[in-house]
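Heads up, the thing below is written out as structure tokens.
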Amino acid sequence: MKIDKLADFSDPSLCHRLVVKIGSALLVDDDGEIRTEWLRTVIEDVREARDRGQEVVIVSSGSIAIGAKKLGFFGKRRSLSEAQASAAVGQITLASTWSDLLAEQGMTAAQMLLTLDDFEGRRRYLNASSTFGRLLKSSVVPVVNENDSIATGEIRFGDNDRLAARVAQSCSADGVILLTDVDGLYDKHPNEPDATRLEKVHGVTEEIQAMADSESGSDVGTGGMTAKLLAAQIAERAGIALAIVDGSHRKPLTYAAENTSGTLFLPKRDDSAYKAWIGGRMRFNGSITVDDGCASALHDGRSLLAAGIVKVDGDFERGDVITIHDLVGRMIAKGMTEYDAEDCDAIKGKQNSKQEAILGHTPRSAVIHRDQLVLL
């Protein structure tokens, strides 16, 4: 059985391990202070989930907003250094608050600060996965945030929605709930009078993506509906259900389950842990463009052969995960390449029988084997 409705997130037989993400707009008020009493009700939800036999991981935003208040940057446009300084100051308060409030309910908190690099490299990804497993086995509640005090544009997620989805992959969660200041995905801007909320989405298609608004609805958040749909795509590749839920209510997890308030994204696939990691990758050193015949073969489950490649971009090495595009520029897959960019460019468009003379050695069976390729 799989998660099929919002109430299923409260069923330990369907959702044994749950990731809950809390956005800054919910956690921090207009004065830059933590909404402590509301947060206590969230922790009541966490305790009740634990009492049911569920394991819970928290992804908590808020460090920059909290620190900005203390440093006098709140409500102002901040430079990178000011944002990083704010995160360094705010994270102490944020972690302390979580630790104290969880302790009130008899639970132990653990802080994990992660960056994009911790998920892009396979070894570090597995290390994070192992840490989550050990903490949860010890009945600890991991509280995760992006390490904003050191993260810069090229090594950061930029929003905790996608971070939550990657955390869910790495800890083998069954479900993700994004608590936010809206009650789900609408077919048009929710301020329009005829806007309709979608209760279930079976896979994030181009049509679904067109409904998203890339702007965050608050002054303190960094996400927006586009980021949440990207998170849903990451989750669905690993067979993980994800819900966008209005978190403004007291005990928001209970409220969502009882009132079916939110949008549930149901996965279309259930990739292996390795393929889910490839599919969730966000940073790449290069790409390959393939012809229509090769694109069709990939969709039929074939490996990517050099004969179908028409263009090579970037400076990648063997073992890198790169993107694959069709002739109109759409990204259709990601995969781990068996060649570096120079060799790949040299053999593009060539049949296997002609590659040995170009490479000076016996060619590999494929540029990207199907076992290391994920269709999007």
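Couple of notes before you dig in:
- Number of the exception - residue 59 against (1) without any contact (Cβ under 8 Å) to a residue 60 or more places away in the chain; (2) under 21 Å from the mean Cα position of the chain (by Cα): (1)
- Residue 35 vs. criteria farther than 30 Å from residue 270 by Cβ, out of contact with any helix residue (DSSP H, G or I) (no Cβ under 8 Å at 6 or more places or on another chain) and either surrounded by fewer than 15 Cβ atoms within 10 Å (Cβ to Cβ) or of a type outside the set (A, V, I, L, M) (or both): no
- Against the test of being of a type in the set (A, V, I, L, M), modelled with pLDDT of 95 or more and touching a Pro at 6+ places or on another chain (Cβ under 9 Å), the options 347, 309, 322, 288 yield a single qualifying residue, 347.
- Yes/no for residue 64 being outside any helix (DSSP H, G or I), within 19 Å of residue 160 (Cα to Cα) and not hydroxyl-bearing (Ser, Thr, Tyr): no
- Which numbered condition residue 88 fails, given (1) over 28 Å from residue 281 (Cα atoms); (2) surrounded by fewer than 18 Cβ atoms within 10 Å (Cβ to Cβ): (1)
- You will find that of 42, 28, the residue that is buried (at least 17 other Cβ atoms within 10 Å of the Cβ), touching a Pro at 6+ places or on another chain (Cβ under 7 Å) and over 28 Å from residue 270 (Cβ atoms) is 42 and no other.
- Entry remark, the stretch 83-117: residues being in a strand (DSSP E or B) and more than 15 Å from residue 59 (Cβ to Cβ) number 1 in total.
- Checked against (1) modelled with pLDDT under 90; (2) in contact with a strand residue (DSSP E or B) (Cβ under 9 Å, 6 or more places away or on another chain); (3) not β-branched (Val, Ile, Thr), residue 32 passes all but condition (2).
- Among the residues listed as 286, 293, 280, 314, the single one being surrounded by 22 or more Cβ atoms within 10 Å (Cβ to Cβ) and either farther than 30 Å from residue 51 by Cβ or touching a helix residue (DSSP H, G or I) at 6+ places or on another chain (Cβ under 9 Å) (or both): 280
- Whichever residue in the stretch 359-376 is assigned to a loop (DSSP other than H, G, I, E, B) and of a type outside the set (A, V, I, L, M, F, W, C) and, among such residues, is nearest to residue 233 (Cα to Cα): 369
- Checked against (1) surrounded by fewer than 21 Cβ atoms within 10 Å (Cβ to Cβ); (2) at pLDDT 95 or above, residue 127 passes all but condition (2).
- Subset of the stretch 264-277 (residues that are part of a helix (DSSP H, G or I) and surrounded by 15 or more Cβ atoms within 10 Å (Cβ to Cβ)): 275, 276, 277
- From the list 328, 321, the lone residue that is farther than 23 Å from residue 122 by Cβ and out of contact with any His (no Cβ under 7 Å at 6 or more places or on another chain) is 328.
- Checked against (1) more than 16 Å from the chain's Cα centre (by Cα); (2) at pLDDT below 95; (3) closer than 30 Å to residue 22 by Cβ, residue 280 meets all criteria but (1).
- Residue in the stretch 345-358 that is under 27 Å from residue 238 (Cα atoms), loosely packed, with under 15 Cβ neighbours inside 10 Å and small (Gly, Ala, Ser) present: no
- Looking across 297, 238, one residue alone is under 30 Å from residue 312 (Cα atoms) and within 18 Å of the chain's Cα centre (by Cα). It is 238.
- The set of residues in the stretch 9-55 being in a helix (DSSP H, G or I) and closer than 18 Å to residue 91 by Cα consists of 24, 25, 26, 27, 36, 39.
The values are calculated or read from the model by the stated rules, or taken from the named source; none is laboratory data. Quick caveat, the model's predicted, so the values are computed rather than measured. Reconstructed Cβ throughout: ideal geometry from the backbone, glycine too, with neighbour counts over all protein chains shown.
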